[in-house]
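K.L.:
I'd like to ask some things about the structure below.
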Amino acid sequence: MKGAMGLAIAAGLGIVGAVCNWLYLQRLAQEQEVVYFIAVKPGVQLNIGDTFEESDLEPVPLPRARVGNLIERAPQWSARDSIVGLPANRPFQGKEIILDTDRVAPAIRDLADSLPPDVIARWVPIDARSVVVDQINPGDMVSFDPGVASGPTPAGSNSGGNASSRLIGPFEVLALGTRREPINVHEASGARRGTSGSSITIKVRMVNGDMEPEAVRLFEAIANAGNQGVSVVLHSSRSEDAKSE
């Protein structure tokens with residue numbers, strides 16, 4: 001019993017010490033040049049997998065002279081957009097400062113486990129010369145321009161093909177190469193830009209055992225082009241195409 005009581009007293013003193021240190025730093029911040037870090041608001045509890053909302057966060061001013069290497073390990077308040085929308089990779093309680101390591105998402109489920117029963121994943125080869133893959137993220141809506149004939153060449157035509165100017169899509173992006181998270185999360189995990197691969201994984205709906213018509217058209221066009229990489233068009237998140245999914 002005495003041992004248990006001693007542990008409880010030690011834990012209580014630790015909490016009191018942390019609170020006192022926090023209040024001391026807050027008082028210094030009112031007197032000196034400060035740096036604003038991102039912290040979870042008092043009273044907010046986040047569990048693993050919960051999404052960070054801006055309403056969960058608050059700026060915490062700390063005196064620049066006392067931040068030490070925290071400035072190299074924690075994002076500042078001006079970078080809070082890189083936190084909002086991310087899932088928590090550990091439990092968080094009020095007044096905890098968010099670190100760079102907290103921007104690394106928890107392990108992502110296997111792709112097959114994330115697909116609804118009536119959806120399959122298909123891989124589309126892309127033309128790396130015409131696509132900046134790091135500007136596309138999973139969940140974005142894209143269309144494709146294979147740049148090949150959409151049908152047989154009309155009889156008597158001297159044209160080498162009947163190229164269609166209509167884009168094929170839109171499709172929801174599931175992955176870019178092996179990247180299945182936003183680029184900022186990808187980089188926070190230690191990966192470098194430019195490693196998103198030369199293919200895009202898209203979501204394709206199945207209807208009575210057959211791929212949706214637009215997907216059939218896409219892969220026929222790619223086959224007609226000799227399975228070469230195709231151009232990609234990124235849709236606005238506010239466009240009707242993006243909302244259609």
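K.L.:
Would you mind stating whether residue 82 is touching a residue at least 60 places away in the same chain (Cβ under 8 Å) and surrounded by fewer than 14 Cβ atoms within 10 Å (Cβ to Cβ)?
P.N.:
Criteria not met by residue 82.
K.L.:
Out of the residues in region 80-103 meeting the condition of being under 16 Å from residue 49 (Cβ atoms) and part of a helix (DSSP H, G or I), tell me which one is modelled with the highest pLDDT.
P.N.:
The selected residue is 102.
K.L.:
Turning to a different aspect of this structure: Those residues that are over 9 Å from residue 36 (Cα atoms), crowded, with 16+ Cβ neighbours inside 10 Å and modelled with pLDDT of 90 or more, I need them from region 52-71; list them, please.
P.N.:
Hits for region 52-71 are 52, 56, 57, 58.
K.L.:
Separate question: Report, by residue number, each residue of region 116-147 that is within 19 Å of residue 214 (Cα to Cα), open to solvent by less than 50 Å² (accessible area, probe 1.4 Å) and in a loop (DSSP other than H, G, I, E, B).
P.N.:
139, 140, 146
K.L.:
If you don't mind, another one. Return the total of residues in region 40-51 being closer than 22 Å to residue 139 by Cβ and open to solvent by less than 50 Å² (accessible area, probe 1.4 Å).
P.N.:
Taking region 40-51 first, the residues closer than 22 Å to residue 139 by Cβ are 46, 48-51.
Pick out the ones that are also open to solvent by less than 50 Å² (accessible area, probe 1.4 Å) and you get 46, 49.
Total meeting the criteria: 2.
K.L.:
Looking at 218, 174, can you tell me which residue is modelled with pLDDT of 70 or more and assigned to a strand (DSSP E or B)? Before the answer, list the steps.
P.N.:
Details: 218 fails: assigned to a strand (DSSP E or B).
Answer to the selection: 174.
The values are calculated or read from the model by the stated rules, or taken from the named source; none is laboratory data. Fair warning: this is a prediction, and the values are worked out from it, not measured in the lab. All Cβ positions, glycine included, derive from the backbone under ideal geometry; neighbour counts span all protein chains shown. Only protein heavy atoms, including side chains, enter the accessible area calculation; ligands, DNA and RNA are left aside. Shrake-Rupley method; radii C 1.70, N 1.55, O 1.52, S 1.80 Å.
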